[in-house]
Amino acid sequence: MRMGLITRFFPYEYVEDVFTIDYRRLYEEGYRGVVFDIDNTLVPHGADSTKDVDDLFVRIHQIGLATLLLSNNSEARIKRFMANIDTLYIHDANKPSPAAFERAVQKLGKKKEQVVVIGDQVFTDIYGANRCGL
C-alpha cells in the first residue's frame with residue numbers, strides 16, 4: 001500500500017519511553033530485530049547510557065530480539081554510548097535516507113517485516129523508517 005505524503009511523518013505507535021514497550025509482545029508478533037535511535041530515544045541528547053538502558057538491552061536480547069543502533073552521530077559517540085551494551089550499530093547513517101534503514105535490516109540479517117524502528121525524530125527516524133517500509 002502506498003503511503004500518503006503526510007502520513008509518512010506519523011509513527012505507527014507512540015509510547016512514553018522505551019521502557020514501556022512490551023518487547024516480548026513484539027517477539028510474539030513475529031518481530032526479530034529492533035533498530036534504535038540513541039539521542040532523545042534511549043537517553044537525553046549527548047548522554048552516556050544508563051544502567052537501566054544497559055539492562056534493557058540484556059532483557060531484549062534474552063527475549064530473542066537482535067538490536068542495532070542507527071544514528072547520525074559519529075562512531076566515537078556511539079562507541080562511548082555502547083560501553084556496556086553488546087549491539088550492532090551504524091554511525092553517520094544519513095537518516096532519513098532509506099538506504100540507512102536498508103543497511104540496518106541487512107546488518108541484522110532479518111526481513112523488513114521482522115524489524116521495528118524505535119526513534120523520536122519525525123524527520124529522521126519516523127520518516128526514514130516509513131519510507132523504507134519499516
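The values are calculated or read from the model by the stated rules, or taken from the named source; none is laboratory data. Here the structure is a predicted model, which means the values were calculated and not measured. Cβ coordinates were reconstructed from backbone atoms using ideal geometry, including for glycine residues, and neighbour counts include every protein chain displayed. The area values use the complete protein model at the heavy-atom level, side chains included, leaving out ligands, DNA and RNA. Shrake-Rupley method; radii C 1.70, N 1.55, O 1.52, S 1.80 Å.
A simple packing score, the average count of other Cβ atoms within 10 Å per residue, orders the peptides 103-110, 125-132 as 125-132, 103-110, with the highest score first.
Computed over protein heavy atoms with a 1.4 Å probe, the accessible surface of segment 44-122 works out to 52 Å² per residue. Could you work out which residue, out of ALA93, ALA47, ALA76, moves most in a Gaussian network model of the chain, that is, has the largest mean-square fluctuation with Cα springs under 10 Å? Ranking ALA93, ALA47, ALA76 by mean-square fluctuation puts ALA76 first. The count of lysine pairs in the chain whose Cα atoms are under 25 Å apart, excluding pairs fewer than 8 places apart on the same chain, comes to 8.
Exposed loop sites here mean GluC sites (Glu not before Pro) with a DSSP loop assignment and at most 10 other beta-carbon atoms within 10 Å; the chain contains its longest site-free run at 30-134. If only the Cβ of Lys and Arg carry +1 and only the Cβ of Asp and Glu carry -1, the dipole of the chain around its Cα centre is close to 600 debye.
Just the protein heavy atoms count here, and of the accessible area of segment 2-134 at 1.4 Å, carbon and sulfur take up 51 percent. With the charge dipole of the chain set up from +1 on Lys and Arg Cβ and -1 on Asp and Glu Cβ about the Cα centre, the Cα lying farthest toward the positive end among the listed residues VAL117, ALA83, ALA100 is that of ALA100. In the elastic network of the chain, a GNM with C-alpha springs shorter than 10 Å, the most mobile of LEU42, LEU68, LEU88 is LEU88.
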